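The values are calculated or read from the model by the stated rules, or taken from the named source; none is laboratory data. These numbers were taken from a predicted model, which means no experiment stands behind them. As a convention, Cβ positions derive from the backbone with ideal geometry for all residues, glycine included, and neighbour counts pool all protein chains shown. In case anyone asks, the SASA skips ligands and DNA or RNA and just uses the protein heavy atoms, side chains included. Shrake-Rupley method; radii C 1.70, N 1.55, O 1.52, S 1.80 Å.
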Amino acid sequence: MTDQQIITVTGEGVVQVVPDRAQLTLGVVTEDTTVSNAQQKNNELITEIISALNTLGIPEDQIKTVTYRIEPRYDFIDGQQQFRAYEVTHMVQVNVEDLTQTGAVVDAAVENGANMVTSIQFTVADPTNLYHEALQLALEDARGKANAMTDTLNVSLVETPVKVIERSVGGPVRFYDGAMLSSAATPIQPGSISIQASVEVIYSFQ
């Protein structure tokens, strides 16, 4: 390749798709002056939340603990640190396969004691084919750039690349731009997600 005349270009490809899955992280934070009482309050609320989600049709295997911690909390009074209570945090991750239930899941959790909803992420069940489509678009983008450069230089591009390097980080990127779900529950906007691909392509020309 050292004897060839080459150019190196990058290509980007994006496929937008309506998500069909949601992943929520929510939970309970409780406080008490004793660890055991704080834990008991927390355990009771988490149990009620999980039971409510089960009633909505969310199975146990779609609910898992992602954070559980116990920490002392202090107040500063007159410049001095004074113990206030023990804080227990229990966060669960909930996978929702029916997006129309997303708002209902949030409402059910809050109504049964959840006082933290830290994230809602939207994705698709199988992004593989979509990613392959994004890769094809990225290659077309790279070829278009290479053609523009060689046309400007008044040289001929060899269409078959010398080398192609996949630069993608993978995975969907979330952004919100869709209509609200038609539901009496908390309105959630799934919008659309973009599957991105990036390539570096080396061409020769003559």
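For Pro59, are the conditions met, namely being open to solvent by 60 Å² or more (accessible area, probe 1.4 Å) and at negative phi?
On the way: open to solvent by 60 Å² or more (accessible area, probe 1.4 Å): yes; at negative phi: yes.
For Pro59, the condition - open to solvent by 60 Å² or more (accessible area, probe 1.4 Å) and at negative phi - is met.
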Determine which member of the set Val14, Val28, Val9 is assigned to a strand (DSSP E or B) and either out of contact with any helix residue (DSSP H, G or I) (no Cβ under 9 Å at 6 or more places or on another chain) or closer than 16 Å to Val92 by Cβ (or both). Val28
Among residues of region 158-176, those that are more than 18 Å from His132 (Cβ to Cβ) and modelled with pLDDT under 90, counted: 3
Those strands (runs of 3 or more DSSP E) completely within region 76-171 that have 3 or more residues that are buried (at least 16 other Cβ atoms within 10 Å of the Cβ) are 80-96, 116-123
Are any of the residues in region 12-29 closer than 17 Å to Ala114 by Cα, open to solvent by 30 Å² or more (accessible area, probe 1.4 Å) and modelled with pLDDT under 95? yes
Being surrounded by 12 or more Cβ atoms within 10 Å (Cβ to Cβ), touching a His at 6+ places or on another chain (Cβ under 7 Å) and in a helix (DSSP H, G or I): is that true of Ile50 here? no
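Which of the following residues is more than 17 Å from Arg21 (Cα to Cα) and of a type in the set (D, E, K, R): Asp98, Asp75?
Asp75
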Can Ser36 be described as touching a residue at least 40 places away in the same chain (Cβ under 8 Å) and assigned to a helix (DSSP H, G or I)? no
